[in-house]
Amino acid sequence: MEGEVSLKNILKNLNPALNEGKYVYCTVDNIEAIPLSNILFLFKEAESITIVLKKEDAEALNLSFSYVASWITLEVHSSLAAVGLTAKFSQALSDAGISCNVVAAYFHDHIFVDEKDAAKAIEVLNALKG
């Protein structure tokens, strides 16, 4: 099932939802000692493997981190081929002084913002609905 490609329709149906919990980015050389069920997502880079998981899981595994984020899901099913969505919301968040880290999955886009900025980020994203 393909997602929406019209930026106007995507923004109208954005529906940003704040997920429960606090999330952290960690780097590891391998993931063998980390239960896959604890990993929200991972990305293999030349330098190491970046994993994102709940803060309490990282602490239990004695993993170091420096950034604690809140996770927002844009509940609209946007197409991976849609043009302009990331630019639109990242500019709006930037204008509000909020940094964001974005993950595009098949059904939804996911935005990680500093935990202190979560409520304001939801407000900014809701304002994009028009």
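Solvent-accessible area per residue for segment 5-47 at a 1.4 Å probe radius, Å²?
Numbers: 3050 Å² over 43 residues.
Accessible area per residue: 71 Å².
If you work out P(r) over Cα pairs in 5 Å bins from 0, in percent from the coordinates, which of (1) 2, 10, 20, 20, 18, 14, 10, 5, 1, 0; (2) 2, 12, 21, 23, 18, 11, 7, 4, 1; (3) 2, 10, 20, 24, 21, 12, 6, 3, 1, 0 do you get?
The value matching this structure is (1).
Once Rh is set to the Kirkwood radius over Cα pairs, what Stokes-Einstein translational diffusion coefficient, in µm²/s, holds for segment 72-119 at a temperature of 20 °C and a viscosity of 1.002 mPa s? Can you show the working numbers first?
Details: Rh = 11.2 Å.
In µm²/s, the coefficient is 191.
What is the helix-to-structure angle for 118-127, meaning the angle in degrees between its Cα long axis and the longest Cα principal axis of the chain, kept from 0 to 90 and rounded to the nearest 10?
20
Could you give the distance between the Cα centres of segment 73-113 and segment 12-28, to the whole Å?
Each part reduced to its Cα centre gives a spacing of 11 Å.
Which order do SER79, SER37 take when ranked by solvent-accessible area (1.4 Å probe, heavy atoms of all protein chains), largest first? Provide the component values of the computation, followed by the final result.
On the way: SER79 10, SER37 110 Å².
Most to least solvent-accessible, the answer reads SER37, SER79.
Counting only protein heavy atoms and using a 1.4 Å probe, what share of the accessible area of the chain belongs to carbon plus sulfur, as a whole percent? Provide the component values of the computation, followed by the final result.
Numbers: 3870 of 7510 Å².
Carbon and sulfur together cover 52 percent of it.
Which entries of LYS54/LYS120; LYS55/LYS129; LYS55/LYS116; LYS54/LYS129; LYS12/LYS55 have Cα-Cα distances beyond 26 Å here?
Working: LYS54/LYS120 21 Å; LYS55/LYS129 31 Å; LYS55/LYS116 15 Å; LYS54/LYS129 29 Å; LYS12/LYS55 32 Å.
Result: LYS55/LYS129; LYS54/LYS129; LYS12/LYS55 exceed 26 Å.
If you place +1 on the Cβ of every Lys and Arg, -1 on the Cβ of every Asp and Glu, and leave all else neutral, what size is the dipole of segment 82-130 about its Cα centre, to the nearest 20 Debye?
Values: 4 positive and 6 negative charges, 30 e Å.
Dipole about the Cα centre, nearest 20: 140 debye.
What is the sum of charges, Lys and Arg at +1 and Asp and Glu at -1, for the other residues whose Cβ falls under 14 Å from the Cβ of ALA92?
Working: positive: LYS88, LYS120, LYS129; negative: ASP95, ASP109, ASP117, GLU123.
Local charge sum for ALA92: -1.
The values are calculated or read from the model by the stated rules, or taken from the named source; none is laboratory data. None of the values given here were measured: they were computed from a predicted structure. No Cβ is skipped: glycine too gets one built from the backbone with ideal geometry, and neighbour counts run over all protein chains shown. Please note that ligands, DNA and RNA were not included when accessible areas were found on the heavy atoms of the full protein model with its side chains. Shrake-Rupley method; radii C 1.70, N 1.55, O 1.52, S 1.80 Å.
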